[in-house]
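Chemist: Okay, here's the structure, questions in a sec.
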């Protein structure tokens with residue numbers, strides 16, 4: 001049996017995709033800013049790059065209170081954050 005055909009393989013890959021996405025929303029300031037300003041476009045861009053998200057997962061992410069991502073990011077140690085250094089460049 002090939003690895004791709006293993007039972008639960010798709011669920012595991014999908015779960016890892018969600019975990020990586022949530023982690024990125026919390027730790028990557030630029031990504032979070034892009035997502036908060038245009039969530040559907042950001043998720044569509046990820047899917048176009050091969051990120052494995054189902055319609056239900058996309059809907060769940062879009063229905064999650066956007067303030068959650070900001071609150072979560074503010075609660076983790078800054079050393080775990082990827083800072084957006086171009087914030088002042090656009091002003």
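Every number here is computed from the coordinates shown, using simple stated rules; none is lab data. Everything quoted here is computed from the prediction, not taken from an experiment. Cβ coordinates were reconstructed from backbone atoms using ideal geometry, including for glycine residues, and neighbour counts include every protein chain displayed.
Chemist: Which value results for Rg/Rh of the range 10-75 when Rg is the Cα radius of gyration and Rh the Kirkwood radius based on the inverse mean 1/r? If you can, show how the numbers build up before the last one.
Modeler: Values: Rg = 11.3 Å, Rh = 12.0 Å.
The Rg/Rh ratio comes out at 0.94.
Chemist: Pop a pseudo-label 7 angstrom from the Cα along the beta-carbon direction at both residue 14 and residue 34 and give the gap in nm to one decimal.
Modeler: Placing both labels 7 Å along Cα→Cβ, they lie 2.5 nm apart.
Chemist: So, one more: Quick check: pseudo-label points 7 Å beyond the Cα along Cα→Cβ at residue 64 and residue 44, how many nm apart are they?
Modeler: The answer from the label model is 2.1 nm.
Chemist: Shifting gears a bit: Sort the following peptides by mean Cβ neighbour count (other Cβ atoms within 10 Å, averaged over residues), highest first: 50-59, 27-36.
Modeler: On the way: 50-59: 12.6, 27-36: 17.0.
Result, highest mean first: 27-36, 50-59.
Chemist: Related question: What is the distance, in nm, between label points placed 7 Å from the Cα along the Cα-to-Cβ direction at residue 54 and at residue 24?
Modeler: Result for the modelled spin labels: 2.0 nm.
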